[in-house]
1. Could you grab the pairs with beta carbons closer than 6 Å, sequence gap of 6+ or different chains, first residue in region 102-124 and more than 17 Å from residue 36 (Cα to Cα) and in contact (Cβ under 8 Å) with a residue 24 or more places away in the chain, second one in a strand (DSSP E or B) and hydroxyl-bearing (Ser, Thr, Tyr)?
2. Quick one: residue 19 ticks every box in (1) at pLDDT 85 or above; (2) over 27 Å from residue 118 (Cα atoms); (3) surrounded by 14 or more Cβ atoms within 10 Å (Cβ to Cβ) bar one, so which box is it?
Amino acid sequence: MDIAMIPEEMGDADIAIVNNDLLIDDGFDTAVYISLFTNMRDMDSDNPDNRGYWGDALDLSSIAVPPLGSLLWKYSRAVVTSDVINSIKTACSDALRWMIDDGIAGSVNVTVSEIGNNSYVFGISITRPDNTGTSYQYKLNWNAQAGNISFGGA
């Protein structure tokens, strides 16, 4: 069980409070959200805007903890091409691969489609080891104020 994080319309997420108490869930939805929308440090770049999750600065090599998040942020100013769409798909898949490695998911399928001027829809389908499925859809518009992300689960 984990504290539930609920995505808000402008792309942020907040801890959910219901009846003056923290909302608890199994942590799965929150893990997907954090994996996709936390800015992972780009280890292959000399770019001074390298971003990254502050916890990655800790030396966790002795327990083999992979970096948290995704490289989606790298594509916020990219010109839309099929290569960029494929890179976004790879960034999403890479960010969620830990779920398969840890046995939380049996498979993860990602689809990405352009829906307009620098806007994308991400379809994420995750099959759990017991063959139950969970789907997510995220709409990302990088032209909007710092990233307008719309959320909906299926």
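The values are calculated or read from the model by the stated rules, or taken from the named source; none is laboratory data. Quick caveat: nothing in here was measured; it's all calculated off a predicted structure. Glycine gets a Cβ as well: all are built from the backbone with ideal geometry, and neighbour counts include every protein chain shown.
1. Listed by first residue and then by second, the contacts come to 106/127; 114/120.
2. Only one criterion is unmet by residue 19, namely (3).
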